[in-house]
Amino acid sequence: MRVAFCLMVAFTLSGVLTLHPACVAQDAAVEESSPSPNEASQAPDEKPKEQARKSYLGRVVAKPMSHLGASWLVRPERDEEESASESFQKLDLKPGMVLCDLGCGNGYWTLPMARKVGPEGAVYAVDIQPEMLQKLRQRADQFGLKNIRPVLGTIDNPKLPENKIDLLLMVDVYHEFSHPQSMLWEIRRSLTPTGVVALLEYRKEDPTVPIKLLHKMSKRQIMKEYHANGFKLVREYNELPWQHLMFFARDDSPLEAIEPEPTEQVLQRIGPARER
């Protein structure tokens with residue numbers, strides 16, 4: 001389920017072209033549909049009856065990456081490109097926590113999460129592609145990790161236990177959900193009262209981030225979608241080179257809500273991606 005991002009070279013993963021200069025103008029011309037009133041006011045206490053979407057609240061839904069590109073997810077240069085180690089530290093994981101890596105792929109994030117929480121903790125590793133979970137199992141066995149629980153989810157249900165998850169991680173995958181309301185309803189239901197969603201998405205506000213527009217999200221759009229589905233922002237980290245890192249809790253959580261730092265202000269401080 002991980003999205004195939006790009007390094008300004010044209011190649012294909014599951015039919016998703018990475019950025020090429022000739023594609024930029026075409027992406028910029030994509031028209032986002034306007035939200036309908038009932039989309040913006042979904043009550044979180046009842047799971048929505050949702051059909052597969054082409055757009056949601058003004059955002060075009062991207063297509064997911066195939067398991068055929070799985071080796072790209074664990075490429076050696078990934079940490080340098082994304083500052084993944086820095087992101088991982090900001091998750092603030094503790095031994096004994098119950099986690100979920102939603103859209104786990106072949107386990108790039110799952111394995112270090114499992115090591116961090118230790119044998120007394122657990123990681124639910126969810127993907128909708130059986131091939132990805134098989135690759136994950138092989139890697140977990142290779143490293144002797146016994147606290148990973150692979151889960152074959154569906155396009156509208158990650159099949160997580162209720163009121164169990166302390167932190168649910170989604171890395172560059174939420175924007176691919178064809179049933180975003182249904183998934184957010186299930187995610188909200190799975191969190192403990194102080195549990196959080198840790199969301200990583202590429203910055204749409206920065207045109208120098210070398211990713212197709214359909215695989216980016218603006219902070220404003222993220223806030224719109226999560227607020228509409230019963231979540232509040234409780235923490236964020238804005239120092240990553242390409243991505244937003246935002247932490248959301250249930251709107252009835254005792255955790256205090258915060259206002260997001262405007263991305264324009266973030267970019268003034270850290271500079272655009274091409275300068276880093």
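What follows is calculated from the coordinates using simple rules that are stated; it is not laboratory data. Remember, predicted model here, so these are calculated numbers, not experimental data. Neighbour counts are summed over all protein chains in view; Cβ atoms, including those assigned to glycine, are modelled from backbone coordinates with ideal geometry.
Couple of notes before you dig in:
- Local electrostatic count at LEU255 - Lys and Arg +1, Asp and Glu -1, tallied over other residues with Cβ under 9 Å: +2
- Set of lysines with alpha-carbon distance to LYS90 below 29 Å, sequence-local pairs under 8 removed: LYS63, LYS116, LYS135, LYS146, LYS159, LYS164, LYS204, LYS212, LYS216, LYS219, LYS224, LYS232
- The stretch 162-223: GluC sites (Glu not before Pro) in DSSP loop, at most 10 other beta carbons within 10 Å: GLU162
- Cut-off 19 Å (backbone N to label point 7 Å along Cα→Cβ of ASP45), residues of the stretch 240-267: 250-254
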